[in-house]
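Values quoted throughout were computed directly from the atomic coordinates according to the rules given, and no laboratory measurement underlies them. Source: prediction; values computed, not measured. Cβ sites come from the backbone with ideal geometry, for glycine too, and all protein chains shown count toward neighbours.
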Amino acid sequence: MRRHRIVHALAQRLWIIPSLGVVAGIVLSLVTVAIDRRNENGLLSQSIVGNATDAQSILTTIATAVVTLTSIVLTVTLVAVQLALGQVSPRIVRALLDDRRDQIAIAVFGATFTSLRAVDTGPGGAAVPGSTVLTALALAAASAFALFTFVHHASQQLRVGALVDLVGDELRDQLERRFPRESDVREDSSVVLSPRSGNLIHCDREALVAEARRAGCTL
C-alpha cells in the first residue's frame, strides 16, 4: 500500500519530469564545458559558432526567450486547471497535471536554460567553447519544436469535449482493469466503433449510398 501511494504521488506531480530536465541540463552543461576545456575551446571553428561576442549575444537571447516560453506554458496549464475546476469537473485536474506532453515541454525549456553558460568576451577570451554553444543552439531548436507541439496539444486539450474525454478514458481504463473482458466475448459486428473521439467535418453521402446499395442495407 505504501509503495502504491509513493508511485501514485510521484506520477501525479507536475514538477517531477521538469525537475529531471533541469538536472539533465546542468549535467549536460558540465559535460560540454569539460569537453571544451579539454580541447582548449578549439573543437569547432569560429565559422560555425561565431566569435565570443556573437556567442554571448546568442546565449543571452536564448535565455530570455526560454524564460518567456516557460512562463507561457505554465500560464496555459494553470488556465486549463482553472477551467476544469470551475466549469467541468475537479476530477479532470489530476488528468491535466498528469499530462506527459506538457511536462516534457517544460522539461525541455528547463534543460535549455540550465545548460547555458557564460562566454568570456574579454581580451583573453577570444576562444569560443564550440560544443557548449552548439549544444545550446540544438536545445533552442528543440525548445521551438516543443513549443509548436505544446500549442497544438493545448488547443486540443482545452476543448470541453477533450476534457470530458479524459474522464471517459480513465473510466474505461479502470473498468478494463477491475473487470477484464473474457477472450471468448464477441462484440456486435453491426456496431463500428471509432478508435478515437473527434468532430465530424465531412460526410461523403454518395459513397455511403453506394456502400448501402452494395450491402443491401439501410444506413
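Overview of values
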{"read-out": "Gyration tensor (alpha-carbon) shape descriptor, region 137-219, a/c threshold 1.5", "value": "oblate"}
{"read-out": "Added length on full extension, which subtracts the Cα-Cα distance from 0.36 nm per residue, Glu176 to Ile16", "value": "54.8 nm"}
{"read-out": "FRET efficiency for Ile35 and Phe145, using Cβ-Cβ distance with R0 set to 25 Å, rounded to 0.05", "value": "0.55"}
{"read-out": "Estimated FRET transfer efficiency when R0 is 22 angstrom, pair Leu193-Leu83 (beta carbons, to 0.05)", "value": "0.15"}
{"read-out": "Local electrostatic count at His153 - Lys and Arg +1, Asp and Glu -1, tallied over other residues with Cβ under 12 Å", "value": "+1"}
{"read-out": "Residue-span extension gain [Thr61 to His153] - 0.36 nm each, minus C-alpha spacing", "value": "30.5 nm"}
